[in-house]
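The values are calculated or read from the model by the stated rules, or taken from the named source; none is laboratory data. Source: prediction; values computed, not measured. Here the Cβ is made from the backbone with ideal geometry for all residues, glycine too, and neighbour counts use every protein chain on show. Keep in mind that these areas ignore ligands, DNA and RNA; they rest on the heavy atoms of the full protein, side chains included. Shrake-Rupley method; radii C 1.70, N 1.55, O 1.52, S 1.80 Å.
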Amino acid sequence: MESLRDGLAADPPRYLSVAERHLTSMEQLLDHLHQFARIESGMPLASRMAISLSELADETVDALLPMAERSGVSLEIEASTSAMVDANPGELSRVLRNLLDNAIRHAP
């Protein structure tokens, strides 16, 4: 990041791509550490509520669409507007985001 700031990076898009991958990995590690700490302390993992799976999927696709477009991957959602689930929105969002992120990164 210092090389980018100082204008010394020979290939800024490559540096940014590597930094993005590392930040995503660190975010996932921190999420896992947080979950383990909650489990060990006996705290409830998360509150659950009725949420629209299709809305959550739409939000996830919107967040990852720029990454997909850079990778030449097309994202489409076909979902019923009545697809309701009883879950924690944050945790389910993280699961969907990880699945799509992996699919984008590893799609042919």
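One quarter of the surface of the convex hull around the alpha-carbon atoms of the chain equals 8.9 nm², the direction-averaged projected area.
Quick one: pull the percent of accessible area on the chain belonging to carbon and sulfur, 1.4 Å probe, ligands and nucleic acids left out. Carbon and sulfur together cover 57 percent of it. Just name one of Ser54, Thr81, Asn102: the one whose Cα is farthest towards the positive end of the charge dipole of the chain (beta-carbon charges, Lys/Arg +1, Asp/Glu -1). So the residue we want is Asn102. Each Cα pair under 8 Å and six or more residues apart adds its sequence gap; the mean of these over the residue count of the chain is a relative contact order of 27 percent. Each residue of region 16-30 is assigned a 3J(HN,Hα), and the resulting list reads 5, 5, 5, 4, 4, 4, 5, 5, 5, 4, 5, 4, 5, 4, 5 Hz, derived from the Karplus form 6.51 cos²θ - 1.76 cosθ + 1.60 (θ = phi - 60°), x at Gly and Pro. Gyration tensor analysis over the Cα atoms of region 55-108 returns equivalent ellipsoid semi-axes of 21, 12, 9 Å (largest first, whole Å).
Does region 1-62 come out rounded, prolate or oblate by the C-alpha gyration tensor, with a ≥ b ≥ c the root eigenvalues, rounded set by a/c under 1.5 and, if not, prolate when a/b is larger than b/c and oblate if not? Here region 1-62 falls in the oblate category. Accessible area per residue for the chain is 75 Å², calculated with a 1.4 Å probe on protein heavy atoms, without ligands, DNA or RNA. Starting from the amide H of Ala9, placed 1.01 Å from N in the peptide plane, find each other amide H under 5 Å away whose residue is 5 or more places distant or on another chain. HN-HN under 5 Å from Ala9: Leu4. In loop segments of region 61-108 as defined by DSSP, the GluC sites (Glu not before Pro) with at most 12 further C-beta atoms inside 10 Å of their C-beta are Glu76, Glu78. The calculated FRET efficiency for the pair Glu20 and Ser82, based on their C-beta separation and a Förster distance of 41 Å, comes to about 0.70.
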